Amino acid sequence: MTCNCVDAPVPPLFGVQTLFAAQHTSESCGANGLPLTPNSITILGRAQKLRTLNHPNLVLHLDFIRKQHGRIILVSQYFKRSLWTETNNYLLLLPLEKVLSWTHRVLDALTYLNSNGVVHRFLTPQYILFDDEDNVKLFNYGLYYMTNSGKNITFPIGKLKYTAPEVLVLDRDSYKSGPKTDSWSLGIIVLELLLGAQLWPTLKLSQIIRKILSLTHCTDVVMRLAREMGRLTMYQSLPDELKDFLGKCICMDVKKRLCPKELFHHKIFSAYEYSKILMNKCYSCKHPLRQMKLDQVYYLWKLAGGDVEWALKKKGLLRNESPILLLPRLIILEGTLYGNTRNQSSLLDLQIVELPLDLLVNRLQHLKITDYDPLIDQVNKQNDTTEKLPLVIREKDTEYQFRRIILFDRLLAAFPFKLDKLLIEAKKDIPPFFRGEVWACLLNVCGDTESIYMSIDKETAGVTDRQIEVDIPRCHQYNDLLSSSVAHKKLKRVLKAWLVSHPKYVYWQGLDSLCAPFVYLNFCKEHVSYACLTAFVKKYLNDVFLKDNAAVIREYLIKLSHLIAFHDPQLANHLDEKGFIPDLFAIPWFLTMFSHVFPLHKIFHLWDKLLLGDSSYPLFVGLSILTQLRSTLLNSGFNECILLFSDLPEVDIEKCVLESSKFNDATPRSITFRKYELRTETREYDPCLMYEVLQNEFSPRISIYDLVELKSSSLKFLVLDTRPQEFYIEKSIPGSLNIHVREEDLVDENFDLAPCPELSALVNNRGSILIVVDNVFELNKVRSFCRFLVKKEYPKVCSLHGGIEALENFNILVPAIMY
Amino acid sequence: MANRAVPQRPNGQTPGKICQFKLVLLGESSVGKSSLVLRFVKGQFHEYQESTIGAAFLTQTIHLNDVAVKFEIWDTAGQERYHSLAPMYYRGAQAAIVVYDITNQDTFERAKNWVKELQRQATPGIVIALAGNKLDLNTMRSVQTDESQTYAYENGLMFMETSAKTSANVTEIFKAIAEKLPKNENTNTAGQGRRLVDSAEGSNKSLSSCCK
Ligand SMILES: Nc1nc2c(ncn2[C@@H]2O[C@H](COP(=O)(O)OP(=O)(O)O)[C@@H](O)[C@H]2O)c(=O)[nH]1
Ligand SMILES: [Mg+2]
C-alpha cells in the first residue's frame, strides 16, 4: 500500500523529443490539383493512434505538436531508469531470472504493438525503461509507425548495432519492417545482457555495417557474436534452451526467425520461475497527482503554463538557425529550391528532455487530498466563484479544470447512471478535456457501437464518392489534424458508413462539415464519431438529408421567420420589407447546424449548449445570431444584408448561446413545433401544418396545451379575443380581452385600433405573449390581425391553433359574465 | 471592403453611368466557382476554399470607359442535389458564367446541361459565358480547348479558359460579359433592395431595364 500525500514531491513524468519531417521538394501538387499535404501533418494524423495504445509495459504517448518547418515534438511518459543505466552500461551481470523476466515483458509489449499494426524498430537498451516499481516500459516505439515506416522522414530509424540485417540491405522506400526486425534487436540486447558486455563498442558505423553483413556467411551467428564480444566460453555455458531462444531471435533468415508473439511462448519462459522475483515496491508517500491519469495531468500541466517548446529551448534543443542560413542558394523557375537543406544531424535529436511538473504542483498546492477523490454528490456544494467567470476564462483556469476533470471522470465512468447529475454539470460547462465523451453521453450513445460500426461496409464505391472526395479536402482544413490524410480517410469512412446505414438519406454537401467535429473529438474512435453523427442527425436534422428535402427545409426556414416575428417584430418587419428571407442565408446554418459557418472552436461552444437543448434549439441559435446583428441589419438594404451573411462577421458565441437559452425559455414549445421533427407522439391539437399554410402566416401558432400550461407558468400572457362582443360574452376564455375586429377593416393599410379600455390593456401588456383567438373559420382575420400587431411592433404575437372551437373540448370556456 | 464599395467614379469627372447586373455562377461542385468570384472580388485565392452551401452573394464593380458596371454575383452550390435551388438564383439574372474544370470531362458535360437549362428557363437574352477553369493544371487537362470552343460557338456562348489560382482571364471574363451587356439608360444611383424573385415576377423583365 502506498499512501497519498499532497506534500510528496512529484518527479518529472513526461519526456519530450523532437524531429523533422521530410519536406516536399518543390511546390508539387497531388492528383486532385491541391498542394501535397506536408509530411508533418501526415505524421500528426498517423500519430494519433499511438495515443490509444495502452499496455502495462509501454509508456503512454501524450501529445504530438507540429511546429514550423516540419518540426514535430513528441511528448510521452518517461522514466529516467533504463536497461542501460540499470546494468551500469552492461558492466553488471544480472541474474538470469531477472533478464528472462524483463525479456518476457518486452515480448509481451511487442506482441501487443504488433497486434495493433505497430513495429518498434528502435529497440535499444536505452529505450527499455523501468518505472518506480521496476516494471518494464518500452519507449520510443511510435517513431516508425507514425512516420509511415520512415517514409515521411529522411533520417534512418534504429540504432545500427541492434538493427536487423535485412533492414540494411533492402530498399527503404519499398520495404516495410515487420515484427521480426524487433526480434533481432531484442536478441542482441539479451545477448549483451547475459554476457555482460557490449557488442562492438568501439567500431565506427561503416565497420558495424560490414560486420553485420558479414554474418551472412556464418553458420552460428550467435556464437560468432559471442566470440566477437570475447565471451565465448561464457556463452557456451548458457543453458541450451536459452541458446535456442537467442538463435530464434538472432537469425539471418527472416523466415526462420520467430516473431515476438512466438518468442513470447518460447519454452525458456516456462523453464524458469522468475515471476516470483520481488518487485521493488515503492512504499514511500506519493503525491495524489500521480494517481490521476497521465493525460489528465499533462493537460493540467499545460493549463498551468507548462510549455513544451520552452522546455526544449532551455535544453538547447530548439536551436534556431539564423534565417539567412535557411535561404536557398538557387531557385529555378518551376519552383525547385537548392541549397537550403537542413543539417542532417539536426533532423532527429535523440536527447530526451524531461518536463518538470513544479508549475502544476504549485498551482494545486492548496488543494486537499479529498479534492482528488471527492464524493460526487458533494461536489460543488461549496460556492465556486470561478463558475461565474466567462467561459473562456474558466476553460483556462487550472484549478477549475482540475475539479471539473475529477468530477467528470467519475460521472463518465458511471454513465448511464448519474445522467441527471451529468446534465446539471454539463449545463454549467463541458470541460474541453472530456468534450468528445460528454457529447457522446448527451447524445445517448451507448451499447456496442463498435461492432455495429465494424459491420458496416464503408469501402464499396458509392455514387456520391466523388462529391465526398471533393468536399473533404475543403472541410475545416485550417485545422492541422483534420487536414491530415488519416483524418480525410476517417471522415470519408464515417460519412459512408452513415450513408450506407441510412438508405433513406443521401449525401448533401454540408454533411462533411457536420461530421467533422465528431471525427475531430473522437479521432481514434471512429465508431463513436459515427454513433454521434447518427444520433445528432436523428435528433436535430430529422429528414433533412432526404433526397427531396425541400419540404423539410422550407418548414425549418419559415419557422425561423415566425420566431423572428415572435421575438423581434421590428427586425421581422424590416426583413420582410426588404424581402430578405431566411432561404437566402440560413440554409447552411441549419443544414449543418452551423458547422459550416463557424470554425471548430466556436462550434464546440455552440454545440456544448445545443446538445442540451431539444430539436428546436437551433432555431433559437439562428434567432440570436440575427439579433446580435440586428442594428446592422436594420440599417441595411437587401444587398448589404446579403453581403453581411456571405461574410459573416464575428459572432460572440457565448453571448449567442446565452441569448438563445433565454429565447428558448421565453417561448412556449408549440411555437417552434415542426411537422418534420422527430417526435414520439403528435397530439390532436398540436399545430401540425402544411407549408402552404405556414407560408401565409407571419406569426406562429400556439397549441391549446401550451395555453393551458401557461396558466401555471411564470410567463406572462394575454388572450385577445377578436370575435364580436356577443359571442365573447356568451363564452370565452377567462381573463381574455375582447377586441373585436373585422376582416375587411384589416385590409386597410392604415387600420388602427380606436382608443378604448381594451386597447390600453393591450398596450399595458406589451411584452406578454399575445394569443389571438377567433373562430376557426376566421383564419384570415386572425392572420391579418397578428400581422397588424407585429407591424405595431408588439412582440410575442401568436394565434391559437384550432381557434375557439378547439377549446370546447377543454372545459375552459365560460360566459364572460362570470369573471 | 472592396465588395461593398459604392461604385467609384472616375476622379474629378462628372458622375458616369452606373449599371447593375445580376450574374449567377453555375457548374459542378469543386470546379472553382467560388474561387473565381473570390479572385474577381477580393483578388484572393484559397487552396482549401470551403464548399458553398445554398449560395453566396458578393458584389464587385468594374469600369468600362465611363460606365461603372456593378455585378451582383450569386455563387451557387454545385452539388446536383442543390439543383432545385438554382432557379431562385438564375431567375432574373442578366448574365451567367457556367464553369467547368478543364481536368475533368464530367464537369464539362454538366456545364452543357446548365447551358441548356439556362437557355430554356432563364431570362431570355441572358448573356452566358463558359469558363474552363484550372488552366494552371494544363498538364492534367482532359477537356480540349477546341472542343469547348466549338461547343461555345455553336451555342452562342462566350468562352474563356481561366485560372482562379493564377488569375488568368478572371477579370477578363467578367469584363467581356460587362461589355456585352446592354447599357441603355443612365442613372446615378446604385440599386437598392433588388430582390431575388422567386415567382414569375421579373423573370420576363426585359433586359433593357437593367440599368436603373
Ligand atoms: N489549381 C487550381 N485549383 C483551383 C482553381 N480554382 C479553384 N481551385 C481549387 O478547386 C477547389 C474547389 O474550388 P471552389 O472554388 O470551392 O469550387 P466550387 O465548388 O465550384 O465553388 C478548391 O480546392 C480550389 O482551391 C484553379 O484555377 N486552379
Ligand atoms: Mg463554391
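Filtering region A:137-155 to residues that are touching a strand residue (DSSP E or B) at 6+ places or on another chain (Cβ under 6 Å) and not in a loop (DSSP other than H, G, I, E, B) leaves A:LYS137, A:LEU138. Would you confirm whether or not region B:126-134 contains a residue that is open to solvent by 10 Å² or more (accessible area, probe 1.4 Å), touching a residue at least 40 places away in the same chain (Cβ under 8 Å) and within 16 Å of ligand 2 (Cβ to nearest atom)? There is at least one residue in region B:126-134 that is open to solvent by 10 Å² or more (accessible area, probe 1.4 Å), touching a residue at least 40 places away in the same chain (Cβ under 8 Å) and within 16 Å of ligand 2 (Cβ to nearest atom). Within region A:71-117, being in a loop (DSSP other than H, G, I, E, B) and either of a type in the set (Gly, Ala, Ser) or within 20 Å of A:THR18 (Cα to Cα) (or both) holds for A:TYR78, A:PHE79, A:LYS80, A:GLY117. Within region A:285-303, residues that are farther than 15 Å from A:PRO12 by Cβ have Cβ atoms under 6 Å from residues that are open to solvent by 10 Å² or more (accessible area, probe 1.4 Å) and not aliphatic (A, V, I, L, M) in these pairs: A:CYS285/A:CYS3; A:CYS285/A:CYS5; A:PRO288/A:ASN4; A:PRO288/A:TYR372; A:TYR299/A:PHE433, counting only partners at least 6 apart in sequence or on another chain.
Results for (1) open to solvent by 30 Å² or more (accessible area, probe 1.4 Å); (2) modelled with pLDDT under 90; (3) away from chain B (no Cβ under 14 Å); (4) away from ligand 2 (no atom under 16 Å from the Cβ), shown as yes or no for each residue.
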{"residue": "A:PRO12", "(1), (2), (3), (4)": "yes, yes, yes, yes"}
{"residue": "A:ASN32", "(1), (2), (3), (4)": "yes, yes, no, no"}
{"residue": "A:GLN48", "(1), (2), (3), (4)": "no, no, yes, yes"}
{"residue": "A:ILE73", "(1), (2), (3), (4)": "no, no, yes, yes"}
{"residue": "A:TYR90", "(1), (2), (3), (4)": "no, yes, yes, yes"}
{"residue": "A:LEU107", "(1), (2), (3), (4)": "no, no, yes, yes"}
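Which residues, taken from region B:78-113, are more than 14 Å from every other protein chain (Cβ to nearest Cβ), crowded, with 22+ Cβ neighbours inside 10 Å and out of contact with any helix residue (DSSP H, G or I) (no Cβ under 6 Å at 6 or more places or on another chain)? The answer is B:TYR90, B:ALA93, B:ILE97, B:PHE108, B:ALA111. The set of residues in region B:21-74 being farther than 30 Å from A:PRO35 by Cα and within 15 Å of ligand 1 (Cβ to nearest atom) consists of B:LEU23 alone. Restricting region A:636-663 to residues that are more than 27 Å from the chain's Cα centre (by Cα) and modelled with pLDDT of 95 or more, the residue that is least open to solvent (accessible area, probe 1.4 Å) is A:PHE663. Restricting A:ALA487, A:ALA461, A:ALA440 to those that are surrounded by 14 or more Cβ atoms within 10 Å (Cβ to Cβ) and away from chain B (no Cβ under 14 Å) reduces the list to A:ALA440. When A:ARG466 is tested against the conditions (1) surrounded by fewer than 21 Cβ atoms within 10 Å (Cβ to Cβ); (2) part of a loop (DSSP other than H, G, I, E, B); (3) within 14 Å of chain B (Cβ to nearest Cβ), the lone failure is (2). Answer yes if at least one residue in region B:54-77 is in a helix (DSSP H, G or I), within 16 Å of ligand 2 (Cβ to nearest atom) and more than 10 Å from every other protein chain (Cβ to nearest Cβ), and no otherwise. For region B:54-77, residues in a helix (DSSP H, G or I), within 16 Å of ligand 2 (Cβ to nearest atom) and more than 10 Å from every other protein chain (Cβ to nearest Cβ): absent.
Matching residues to (1) surrounded by fewer than 24 Cβ atoms within 10 Å (Cβ to Cβ); (2) in contact with a strand residue (DSSP E or B) (Cβ under 7 Å, 6 or more places away or on another chain); (3) of a type in the set (D, E, K, R); (4) farther than 22 Å from A:PHE673 by Cα:
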{"position": "A:GLU577", "(1), (2), (3), (4)": "yes, no, yes, yes"}
{"position": "A:PHE585", "(1), (2), (3), (4)": "no, no, no, no"}
{"position": "A:SER595", "(1), (2), (3), (4)": "no, no, no, yes"}
{"position": "A:LEU600", "(1), (2), (3), (4)": "yes, no, no, yes"}
{"position": "A:ILE603", "(1), (2), (3), (4)": "no, no, no, yes"}
{"position": "A:LYS609", "(1), (2), (3), (4)": "yes, no, yes, no"}
{"position": "A:GLY613", "(1), (2), (3), (4)": "yes, no, no, no"}
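Examine region A:168-177 for a residue that is closer than 24 Å to A:GLN351 by Cβ and touching a helix residue (DSSP H, G or I) at 6+ places or on another chain (Cβ under 7 Å), and state whether such a residue exists. Looking through region A:168-177, none of the residues is closer than 24 Å to A:GLN351 by Cβ and touching a helix residue (DSSP H, G or I) at 6+ places or on another chain (Cβ under 7 Å). Being open to solvent by less than 10 Å² (accessible area, probe 1.4 Å) and not small (Gly, Ala, Ser) is the filter here, so list the residues in region A:509-521 that pass it. Within region A:509-521, A:GLN509, A:LEU511, A:ASP512, A:LEU514, A:CYS515, A:PRO517, A:PHE518, A:VAL519 qualify. A count restricted to region B:3-49 and to residues that are modelled with pLDDT of 90 or more and outside any strand (DSSP E or B) stands at 20. Residues in region B:174-197: is at least one at pLDDT 95 or above, within 15 Å of ligand 1 (Cβ to nearest atom) and open to solvent by 50 Å² or more (accessible area, probe 1.4 Å)? No.
The residues of region A:568-586 that are more than 9 Å from chain B (Cβ to nearest Cβ) and over 34 Å from the mean Cα position of the chain (by Cα), listed by number, are A:ASP568, A:PRO569, A:GLN570, A:LEU571, A:ALA572, A:ASN573, A:HIS574, A:LEU575, A:ASP576. Total residues in region A:522-532 satisfying the condition of being buried (at least 24 other Cβ atoms within 10 Å of the Cβ) and within 19 Å of A:ASP471 (Cβ to Cβ): the figure is 2. Evaluating A:LEU138 against the criteria (1) surrounded by fewer than 16 Cβ atoms within 10 Å (Cβ to Cβ); (2) within 22 Å of A:SER82 (Cβ to Cβ) leaves one unmet condition, (1).
Exactly one residue out of A:TYR705, A:TYR676 is in contact with an Asp or Glu (Cβ under 6 Å, 6 or more places away or on another chain) and of a type in the set (Phe, Trp, Tyr), and it is A:TYR676. Just one of A:THR154, A:THR219, A:THR163, A:THR202 is among the hydroxyl-bearing types (Ser, Thr, Tyr), within 21 Å of A:ASN89 (Cα to Cα) and open to solvent by 50 Å² or more (accessible area, probe 1.4 Å); which is it? Matching residue, one of A:THR154, A:THR219, A:THR163, A:THR202: A:THR202. I'd like to verify a number: residues in region A:703-758 that are among the β-branched types (Val, Ile, Thr), in a loop (DSSP other than H, G, I, E, B) and within 56 Å of the chain's Cα centre (by Cα), how many? Looking only at that region, the number is 3. Within region A:768-782, one or more residues are in a helix (DSSP H, G or I) and open to solvent by less than 20 Å² (accessible area, probe 1.4 Å). Each residue in region B:34-52 was checked for being open to solvent by 10 Å² or more (accessible area, probe 1.4 Å) and more than 11 Å from chain A (Cβ to nearest Cβ), and 5 pass. Just one of the listed residues (A:ILE424, A:ILE393, A:ILE430) is buried (at least 19 other Cβ atoms within 10 Å of the Cβ) and among the β-branched types (Val, Ile, Thr), namely A:ILE430.
Taken as a whole, the condition of being within 15 Å of ligand 2 (Cβ to nearest atom) and buried (at least 24 other Cβ atoms within 10 Å of the Cβ) applies to B:LEU26.
The values are calculated or read from the model by the stated rules, or taken from the named source; none is laboratory data. From a predicted model like this one, the values you see are computed outputs, not experimental measurements. Note that we place each Cβ from the backbone using ideal geometry, even for glycine, and neighbour counts take in every protein chain shown. Side chains are part of the model used for accessible areas, which takes the heavy atoms of the whole protein and leaves out ligands, DNA and RNA. Shrake-Rupley method; radii C 1.70, N 1.55, O 1.52, S 1.80 Å.
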